[in-house]
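**Q** One structure follows; several queries about it will come next.
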Amino acid sequence: MTIKHDTAPQQTSPQETLAQIIGAQIPKPGDYGTPITGLGFFRREHPSPPVVCMVEPSIILVARGEKQLWVGGEGYPYDTSRFLITSLDLPANSEVLAASPEQPCLGLTLKLDLRMLAELIAQSDLPPTRDRSVAKGVGIGSVTPAMLASFERLLALLDEPESIPVLAPLIQREIHYRLLQSDQASRLRQITSVDGQGYRIAKAIDWLKLNYTSALRIDELAARVQMSTPTFHHHFRQLTTMSPLQYQKWLRLNEARRLMLNEHQDVSSAAYKVGYESPSQFSREYSRLFGVPPKRDIAVLRGQG
């Protein structure tokens, strides 16, 4: 008697489908852009300690593996069942928790369109949140089947590039809508509410990013976004986990690092260019942020490059 075995193929999970698409697109470790505006992929093949980074308002989805973002000393782990969302430009540290050459950590980043979110909130007649528990600009949400399905359709467009200009904006709009239906909706509603504190802090951050080399006067920046100085300082720290001056310092030091690494400027030139008056003070603060003095840091980065 012949015994028949069930040889039905195992169904691939939506996350693994995304991982296969991403893995086929980027065979080597790194961060990559795509032809779809605002969409990027990443691949990591080994666990790694926290690395300094700036995270834009975005959703970060892991299709395979596990990562963690550190903001203000607090860790936010995320994996195939949990997505990371940031509603502000946040200085942070990114860590890879689970990855190997055989099972690389694969995922995607999609920049949030805050104007699109505001439009969807208005159309859905959703009120601005008054929930104080979402005061921070970063959070972890639960991945939903509807969210995964819309991302799968977005990635499928990479195989028909002629359709990207027409269909990608429609699918991205659906993804934003799915986020407003997720457990992170309150955080997004807070940052897009024009009369809310989060919206004003976002405007202040935009100004800081453009004017980080200038001397910072907190009272003038608070007035610019129509807030009292104490209220501005309180909400800025609550959302970003740092003071406005610390935020400006972070911007300056990272731009100086870029100037030394990519434009081969020396330490003093980079320090003066980003607004420092003292190269020695610059070196001290640089060492505090990156863990090593500027020259040694750049030498290591070039050796890895």
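No lab work stands behind these numbers, since they all come straight from the coordinates. In this text the structure is predicted, and so the values were computed from the model without any measurement. Quick reminder, even Gly has a Cβ in these numbers, built from the backbone with ideal geometry, and neighbours come from all protein chains shown.
**Q** Tell me whether the chain comes out rounded, prolate or oblate; compute the Cα gyration tensor, take square roots of the eigenvalues as a ≥ b ≥ c, and use a/c under 1.5 as the rounded threshold.
**A** It is oblate, given that a/c is not under 1.5 and a/b is not larger than b/c.
**Q** Then there's this: Going by Cα centres, segment 143-158 and segment 272-290 are how many Å apart?
**A** Cα centroid to Cα centroid, the span is 44 Å.
**Q** Sort segment 14-190 into rounded, prolate or oblate with this rule: let a ≥ b ≥ c be the square roots of the eigenvalues of the Cα gyration tensor; rounded if a/c is under 1.5, and if a/c is not under 1.5, prolate when a/b is larger than b/c, oblate otherwise.
**A** Taking the square roots of the gyration eigenvalues as a ≥ b ≥ c, segment 14-190 is oblate.
**Q** Alpha carbon centre of segment 6-72 versus segment 229-267: separation in Å?
**A** Cα centres, segment 6-72 to segment 229-267: 27 Å.
**Q** Using amide H atoms built in the peptide plane, which far-off residues or other-chain residues are under 5 Å from residue 98 H to H?
**A** 66
**Q** For segment 201-215, in order, what is each residue's ³J(HN,Hα) by Karplus, 6.51 cos²θ - 1.76 cosθ + 1.60 with θ = phi - 60°, in whole Hz (x at glycine and Pro)?
**A** 3J(HN,Hα) across segment 201-215, in whole Hz: 5, 4, 5, 5, 5, 4, 5, 4, 5, 8, 10, 5, 7, 7, 4.
**Q** Can you show me the helix-derived [θ] at 222 nm for the chain, built from DSSP H runs with n ≥ 4 at -39,500 (n - 2.57) apiece and divided by the number of residues, rounded to the nearest 500.
**A** The helix-only estimate for the chain comes to -14500 deg cm²/dmol at 222 nm.
**Q** What are the aspartates and glutamates whose alpha-carbon lies under 13 Å from the alpha-carbon of residue 111, with same-chain residues fewer than 8 places away excluded?
**A** Within the straight-line limit of under 13 Å, residue 111 reaches these aspartates and glutamates: 56, 89.
**Q** In sequence order, what are the phi-derived ³J(HN,Hα) couplings for segment 161-175 according to the Karplus relation 6.51 cos²θ - 1.76 cosθ + 1.60 with θ = phi - 60°, rounded to whole Hz, with x for glycine and proline?
**A** So the Karplus estimates, Gly and Pro as x, are x, 5, 8, 4, x, 8, 8, 4, x, 5, 6, 4, 5, 5, 4 Hz.
**Q** Let me ask something else. Going by average Cβ neighbours within 10 Å, how do the peptides 62-71, 271-280, 207-216, 35-44 rank, with the highest at the top?
**A** Descending mean neighbour count gives 62-71, 35-44, 271-280, 207-216.
**Q** Okay, next question. If contacts are Cα pairs under 8 angstrom and at least 6 residues apart, what is the relative contact order of the chain in percent?
**A** 14
**Q** Using only the alpha-carbon atoms, how far is helix 279-290 inclined from the longest principal axis of the chain? Give it as 0 to 90 degrees, nearest 10.
**A** 30
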